[in-house]
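Let me begin by presenting the structure, written as structure tokens, before commenting on it.
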Amino acid sequence: MRRIEYARVVRELRSCSQRELDDRGISRAMISRLAAEAAYGKKD
């Protein structure tokens, strides 16, 4: 199920316009890391 959550977050963020990402303070380079954190938790 975590794999599915990772893919969902990646898909959702990649579908955002650059302006939408900028408004949220997210760069396209951050998408994979943010999806991994959402699915698997933040690594310290």
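The values are calculated or read from the model by the stated rules, or taken from the named source; none is laboratory data. Predicted, not measured: the structure shown is a model, and the values here were computed from it. A quick note on method: Cβ atoms are made from the backbone with ideal geometry, for glycine too, and the neighbour counts reach across all protein chains shown.
Details
- Contact map, the range 11-40: first residue within 16 Å of Met1 (Cβ to Cβ), second residue surrounded by 11 or more Cβ atoms within 10 Å (Cβ to Cβ) and among the basic types (Lys, Arg), Cβ cut-off under 6 Å, separation 6 or more or different chains; pairs are Ala39/Arg2; Tyr40/Arg2.
For (1) part of a loop (DSSP other than H, G, I, E, B); (2) not small (Gly, Ala, Ser), each residue gets a yes or a no:
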{"site": "Glu5", "(1), (2)": "no, yes"}
{"site": "Val9", "(1), (2)": "no, yes"}
{"site": "Glu20", "(1), (2)": "no, yes"}
{"site": "Asp23", "(1), (2)": "no, yes"}
{"site": "Ile26", "(1), (2)": "yes, yes"}
{"site": "Ser32", "(1), (2)": "no, no"}
{"site": "Lys42", "(1), (2)": "yes, yes"}
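- Output for the range 1-26, where each listed residue is surrounded by 11 or more Cβ atoms within 10 Å (Cβ to Cβ) and hydroxyl-bearing (Ser, Thr, Tyr): Tyr6
Quick grid of which residues meet (1) under 9 Å from the mean Cα position of the chain (by Cα); (2) modelled with pLDDT of 95 or more; (3) not aromatic (Phe, Trp, Tyr):
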{"position": "Arg3", "(1), (2), (3)": "no, yes, yes"}
{"position": "Tyr6", "(1), (2), (3)": "yes, yes, no"}
{"position": "Val9", "(1), (2), (3)": "yes, yes, yes"}
{"position": "Leu21", "(1), (2), (3)": "no, yes, yes"}
{"position": "Arg24", "(1), (2), (3)": "no, yes, yes"}
{"position": "Ala29", "(1), (2), (3)": "no, yes, yes"}
{"position": "Ser32", "(1), (2), (3)": "yes, yes, yes"}
{"position": "Glu37", "(1), (2), (3)": "yes, yes, yes"}
{"position": "Lys43", "(1), (2), (3)": "no, no, yes"}
